[in-house]
Amino acid sequence: MQRHDEPVTLRRRSRTTAAVAVLLAAGLAVAGCSAGEGGSSNDRSSTQGLKGGSAAPEGGTAAPREGEQRSPAPAPDYLSTFALDVDTASYGYARRALAEGRLPDPATVRPEEFVNSFRPDYPRPSDNGFGVTVDGARAGRDGWSLVRVGLATRGADRKAERPPAALTFVVDVSGSMDEPGRLDLVKESLGLLADQLRDDDSIALVTFSDEAETRLPMTRVGDARGRIHEVVDALATSSSTNVEAGVRTGYDTAVEGHRKGATNRVVLLSDALANTGDTEAESILARIDEERREYGITLFGVGVGSEYGDDFMERLADKGDGQTTYVANSAQARKVFVDQLPTHVELRARDAKAQVAFDRRTVEKFRLIGYENREVADEDFRNDRVDGGEIGAGHTVTALYAVKTRPGATGAVATATVRWLDPRTRAPHERSGTVGTAALTGDIWADGHDSLQLTAIAAYFADALRGGDLPGAPSLRDLTNRAGAIADRSGSAVVRELADAIRRASGLLPPREGENPSGEGESRPGDPYS
C-alpha cells in the first residue's frame with residue numbers, strides 16, 4: 001500500500017511486480033448515489049461471466065471469445081491494474097493517533113484503507129464473486145472528476161450452511177502487550193469469539209514472547225467452549241517479542257490441524273513490535289508464502305496498542321493472502337470478533353484483481369488514489385498464477401480515481417473489470433461495469449450524493465495526512481463539516497467518528513499553500529498533475 005504520493009501523468013507506473021491483497025471494515029451503509037446517465041451500476045453494467053480466458057496480448061486485454069464483443073483495447077498507459085484489498089488498519093491506527101493528539105506517520109497512511117473502512121450500499125450479486133458499480137461526479141476545476149469503482153460480494157447468513165472454520169490464533173504475550181488496551185483487549189475479544197463460533201468450527205491457540213508455545217491444539221468448539229475460555233483467561237504477559245517464533249509455530253499448528261474443505265486461517269493478534277528473532281521478517285514471509293500455496297492458509301492480522309508495527313503487520317498479511325485491521329477499544333473489538341469474523345469466514349473470491357480501462361478519446365489523465373503496493377502488471381490481469389486478494393462474504397471494495405476529461409469530449413470514460421477465482425472450483429470469472437461522461441456532470445458536493453461524498457471525504461482526508469495534492473481537495477475544516485452533515489442525515493456513529501478525526505487533524509496540520517486558514521468552502525485551484 002502507498003507510502004508516499006508521486007505526481008501521475010498520462011502513464012501509469014511501469015512497475016511490474018504484483019502485490020497481493022474482509023477481512024473486515026467498519027460498517028456503514030448510506031444510500032448510494034446513482035451512476036446517472038452514462039454510468040452503470042450492477043443492473044446496467046456490461047456483465048460477463050467468463051470462465052477461463054485466453055492469455056492477454058500486449059495491452060493487457062485478452063482476445064474475445066467466439067461470439068463475444070469487446071471494445072478496442074486501450075493503450076497500455078490507459079490501464080490501471082491492482083489486486084483487491086479490504087484492509088482497514090491504517091484508518092483505525094490513524095484515528096488512535098489523532099485521539100492522542102498526534103499525527104500518524106505519513107508512511108502508515110493508506111487512502112484505500114480509509115475509503116474501505118466505510119461500506120457503501122452497492123448492489124450485491126446472488127452468486128459468488130462480485131457486483132460491479134461504477135459512478136462519479138465532477139470535483140474541482142479544470143475538468144477533474146472523481147470516478148468510483150465499487151465491488152460487493154454476497155452477504156453471509158448466520159443460519160445458512162457454510163464451510164467450517166479452522167482458526168489458529170497466534171497471540172502476542174510479550175512485555176509490550178501489558179499496556180492497557182493490548183493483551184486485555186485481546187483476551188476479551190477471544191472470549192467473545194468463543195461464544196460466537198459454531199460447534200463444527202475449530203480453534204487452536206499459540207502464544208509467543210521470546211519463544212512460542214501451543215496452548216491449545218486444533219480443537220472442535222462443540223463441547224470445548226469452557227476449556228477455550230480457561231486457556232484464554234490464563235494468558236499473561238512475559239518478556240520480549242519474537243514474532244518469527246509465533247508465526248512459525250502458529251503455521252505449524254495450523255498445518256497439523258488443517259481441515260480439508262474448511263476455511264483455514266491464522267489470526268495474528270499483536271502490536272507487531274518485533275525485537276527478538278528475525279525482526280526483518282524475510283524468513284517469516286517465505287514461510288507464510290509456502291503454507292499459503294500448499295494448504296491455502298490465509299493470515300488475518302489484528303493490530304493493537306498505541307505503538308504499533310504497521311509496516312511489519314502489513315507485509316505479513318500481504319504475503320499471507322490476508323488482511324489487517326486495528327482495534328483500540330472494546331467496541332471495535334466487538335465489531336470485529338462478534339459482528340464480523342463469525343460470518344465472514346467464508347470466502348467469496350480468491351486471487352481477485354481489478355483492471356480499469358480508460359478511454360483515451362475522453363480521458364486526458366487519471367490517477368488511482370492509493371493501492372500503490374497492490375499494483376499488478378497490466379499483462380498479468382488474466383494470469384491466474386499472479387496473486388490477487390482473498391475476499392469474504394458481505395465485503396465491499398472501493399477504488400477511487402481522480403480523472404481529468406478532455407474539454408468537450410463525450411462518451412465512454414472507463415470500463416472496470418474484476419477477475420477472480422471461484423473459492424471452491426478455482427474457475428476464473430469476470431464481471432464489468434462502465435461509466436460515461438454524462439455521469440460526471442454533477443457536482444460531487446451537490447445534494448443526494450452522500451455515498452460518493454463519504455468516499456471522497458475519506459480519500460481527501462488520507463491524502464491530506466500524507467501531504468498530497470489531490471485536485472479539488474477541500475480544506476480539512478470543510479471536510480469536517482461535510483462529514484458531520486452526512487453523520488446528521490444518516491445517524492451513523494462511524495461517520496461521526498470520521499468527522500471528529502478530521503477535526504482533530506485540522507488542529508495539527510498547517511493550512512496548505514494557497515488555502516484560506518478559515519477553511520470554509522475552499523478548494524485548491526489548478527492542476528497539480530500538469
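Quick notes on this structure:
- Net charge over other residues, Cβ less than 11 angstrom from the Cβ of Leu103 (K, R count +1; D, E count -1): +1
- Top positive-direction residue, dipole computed over region 121-225 with Cβ charges, set Pro217, Pro125, Gly155: Pro125
- Rounded if a/c under 1.5, otherwise prolate or oblate - region 313-404, Cα gyration tensor axes: prolate
- Between Lys260 and Arg225, the FRET efficiency from the beta-carbon distance, with R0 = 22 Å, is close to 0.35.
- Computed E for Arg426/Asp200 - FRET, C-beta separation, R0 22 angstrom, nearest 0.05: 0.35
- Most to least packed among 207-217, 346-356, 82-92, 254-264 [average Cβ atoms within 10 Å]: 82-92, 346-356, 207-217, 254-264
- For His229, the accessible surface of its heavy atoms amounts to roughly 50 Å² (probe 1.4 Å, protein chains only, rounded to the nearest 10).
- Region 202-265: C-alpha gyration tensor shape, a/c 1.5 cut-off, then a/b vs b/c: oblate
- Residues whose amide H comes within less than 5 Å of that of Val363, counting only those at least five positions distant or on another chain, are Arg406 (H built at 1.01 Å from N in the peptide plane).
- Three-way shape label, region 309-353, alpha-carbon gyration tensor, a/c 1.5: oblate
- Heavy atoms of Arg293: accessible area, 1.4 Å probe, square angstrom to 10: 150 Å²
The values are calculated or read from the model by the stated rules, or taken from the named source; none is laboratory data. Only a predicted model underlies this, so the values are computations on that prediction, with no experimental measurement involved. Methodologically, a virtual Cβ is constructed for each residue, glycine included, from the backbone with ideal geometry; neighbour enumeration extends over all protein chains shown. Accessible surface areas use protein heavy atoms only, side chains included; no ligands, DNA or RNA. Shrake-Rupley method; radii C 1.70, N 1.55, O 1.52, S 1.80 Å.
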